[in-house]
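Each remark here refers to the structure printed beneath this line.
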Amino acid sequence: MVKKLKVLFVSAECEPYARTGGLGDVSAALPKALYDAGIMIRRVIPLYGNVNMDFKYCTDFPIKMGPNYQGCIIKRDTAQKVPTYFINNEYYFNRDKLYGYYDDGERFTFFCKAVIKMLDHIPFRPDIIHCNDWHTALIPLILKSINSDIKSVFTIHNLKYTGSIPMQYMEEYNMSLERLSQCGYPDNIDFMKSGILNSDHITTVSNGYKEEVLTPRYGEGLDNLLIQRKNSFTGILNGIDTQNYNPQSAKIPYDIDNLNAKDENKALLREELGLEDEDVPIVASITRLDDQKGIDIIINAIRKIDIQGFQFVILGTGDQYYENTLSEMASMYPGKMAAIFAFDAELAKRIYSGADIFIMPSKFEPGGLGQLYAMAYGTVPVVRSTGGLKDTVADAEDGDSPVGFSFKSYTVNSFIEALKRAIDAYNTPLWETLMKNGMAFEKSWEFPASQYIKIYKSLCDYHS
Ligand code: ADP
């Protein structure tokens with residue numbers, strides 16, 4: 001019998017337990033696709049305070065944190081296809097939000113240490129630990145320092161965010177000065193540097209972003225380290241869960257051969273959000289309200305063009321300044337603009353299915369899932385051509401199979417020009433082509449999962 005490759009997938013987020021953005025979507029869907037492709041996979045995430053589900057107790061043990069010890073309880077959910085372990089510590093994780101605390105570095109140091117220690121206590125020994133983003137990035141460093149034969153893959157979902165921790169929290173590991181100084185020592189140990197330098201292979205979530213982060217403009221000061229690891233660095237475009245995000249499960253179901261029902265979803269969305277019934281496209285944005293996402297150029301564009309010839313819906317959470325500004329604007333344009341400040345996955349689906357145009361004018365975008373969800377629902381994307389957006393959105397004016405509209409320079413005018421092209425194309429024969437091409441665009445996880453498996457196998461000298 002062929003031995004199955006064993007992978008432990010480690011993340012700070014995973015739908016349906018905890019999600020603030022795309023990381024939670026990927027951590028739910030990619031392990032499922034890996035499982036379907038024959039990988040023996042387990043997942044591990046922190047057990048946050050707002051998760052009200054009943055999980056099975058597995059084991060507990062203490063973790064050294066500087067001069068003190070913190071208790072760690074391991075729980076497990078076996079109800080999903082991919083069994084998930086939870087790292088439970090009330091002090092670190094029983095809080096209102098997932099992140100944004102002064103001690104995030106300490107919290108995720110605890111998480112990384114607990115994941116490694118958990119392996120001494122559970123009946124699952126992985127060949128590979130697949131780490132995701134900075135929260136997990138000390139794991140490759142710890143594996144190297146304990147001379148483990150477990151290999152690590154480190155996926156960068158966003159290079160902008162990192163954490164750090166004083167050396168005293170890591171001093172029980174026997175690490176060479178050379179290894180430590182590359183990771184930031186004698187100042188704090190930097191998570192992102194640790195992941196980049198100590199993992200056996202690095203991936204990021206699109207080829208476009210991979211190329212970008214090797215340059216100073218997008219490299220967040222880490223471009224030189226990434227260049228050092230260039231031969232072990234791969235861009236793999238994210239997929240989406242095409243079962244979960246499917247127009248056939250919309251309130252009024254539709255598909256590529258029956259697009260008329262999309263209009264009925266549009267009418268329902270207007271009713272729900274108090275928008276007028278008029279023959280104009282609905283332009284939508286579902287996003288973290290963060291500088292990265294181009295919220296400033298969205299705001300300035302809408303002010304400049306005064307919502308002429310379209311309606312605008314935005315669903316987002318984040319920066320209070322953006323919330324206040326958008327909320328003021330929505331009150332200036334009653335019946336034309338709706339701004340909802342909540343994290344609401346079901347409303348997001350109603351917007352993807354009811355809107356006509358989906359905007360993502362991001363400053364940078366590692367992978368981007370929003371444009372893929374929009375395309376799945378026949379909603380035409382208008383994006384800035386960067387990272388994963390560049391890899392997925394072919395402009396109406398070029399290519400064999402255009403799906404939307406894109407612009408290059410990060411300016412209000414360039415964005416307005418692309419948005420106007422989209423609004424002008426609405427209700428023309430081109431529109432249906434764009435909708436259908438977007439819906440037909442291959443976005444399942446099957447191919448990306450096979451690329452990850454190739455990397456796993458290359459690290460384990462695995463022959464099947
Ligand atoms: P990022 O991971 O940088 O936030 P992505 O486009 O990769 O951006 O993924 C964002 C994901 O989060 C998408 O699934 C999007 O639909 C979802 N999302 C973002 N904000 C909200 C919100 N306020 N309510 C519901 N879903 C949201």
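Brief remarks follow.
- Principal-axis analysis of the Cα atoms of the chain puts helix 412-425 at an angle of about 60° to the longest axis.
- Summing +1 for each Lys or Arg and -1 for each Asp or Glu among the other residues whose beta-carbon sits under 9 angstrom from that of residue 259 gives -2.
- Derived scalar couplings between HN and Hα for region 218-233 equal 10, x, 6, x, 10, 4, 5, 5, 5, 4, 4, 9, 3, 6, 10, 9 Hz in order, rounded to whole Hz, by the Karplus curve 6.51 cos²θ - 1.76 cosθ + 1.60 (θ = phi - 60°), x for Gly and Pro.
- Surface share of carbon and sulfur [accessible, 1.4 angstrom probe, percent] for region 247-440: 47 percent
- The calculated 222 nm mean residue ellipticity attributable to helices in the chain amounts to -11000 deg cm²/dmol, summing -39500 (n - 2.57) over DSSP H runs of n ≥ 4 and dividing by all residues.
- Overall, the chain carries a charge dipole of about 1500 debye about its Cα centre when +1 sits on the Cβ of Lys and Arg and -1 on the Cβ of Asp and Glu, all other atoms neutral.
- Per residue accessible area in Å² of region 247-440, where ligands, DNA and RNA are left out and the probe is 1.4 Å: 39 Å²
- Stretch gain in nm, segment residue 328-residue 398, where the contour uses 0.36 nm per residue and the Cα spacing is subtracted: 21.4 nm
- Under the Debye formula (equal points on every Cα, no solvent term), log10 I(q)/I(0) of the chain at q = 0.09 Å⁻¹: -0.61
- The angle between the Cα long axis of helix 345-354 and the longest principal axis of the Cα atoms of the chain comes to about 30 degrees, rounded to the nearest 10.
- 13 Å beta-carbon shell around residue 16, net charge (K/R +1, D/E -1): -2
- Over 26 Å between alpha carbons, listed pairs 4/117; 6/97; 32/454; 4/81: 6/97
- The H on the amide N of residue 318, modeled in the peptide plane, is under 5 Å from the matching H of 289, each at least 5 residues off or on a different chain.
- Environment charge of residue 249, counting only residues whose C-beta is closer than 13 Å and scoring Lys/Arg +1, Asp/Glu -1: 0
- Taking only alpha carbon atoms, region 57-211 gives an Rg to Rh ratio of 0.95, where Rh is the Kirkwood radius.
- Value of relative contact order over region 247-440, rounded to a whole percent, pairs C-alpha under 8 Å and six or more apart: 21 percent
- Rounded to 10°, Cα long-axis angle of helix 320-332 versus longest principal axis of the chain: 10 degrees
- Under 5 Å, built H, 5+ apart or other chain: amide partners of residue 60: 74
- Per-peptide packing, taken as the mean over residues of other Cβ atoms within 10 Å, places 199-208, 38-47, 72-81, 233-242 in the sequence 199-208, 38-47, 233-242, 72-81 from highest down.
- Relative contact order [Cα under 8 Å, 6+ residues apart], the chain, whole percent: 13 percent
- Residues in region 377-394 carry Karplus couplings, in order, of 9, x, 9, 7, x, 10, 9, 7, 7, 8, x, x, 5, 5, 6, 10, 10, 7 Hz; the curve used is 6.51 cos²θ - 1.76 cosθ + 1.60 with θ = phi - 60°, and Gly or Pro positions show x.
- Overall form of region 247-440 per C-alpha gyration tensor (a/c, 1.5; a/b vs b/c): rounded
- Tally of Lys pairs whose C-alpha atoms are under 29 Å apart, taken over region 129-263, 8 or more apart or cross-chain: 15
The values are calculated or read from the model by the stated rules, or taken from the named source; none is laboratory data. Since we're looking at a predicted model, the values are computed, not measured. Note: ideal-geometry Cβ built from the backbone for every residue, glycine included; neighbour counts use all protein chains shown. Only protein heavy atoms, including side chains, enter the accessible area calculation; ligands, DNA and RNA are left aside. Shrake-Rupley method; radii C 1.70, N 1.55, O 1.52, S 1.80 Å.
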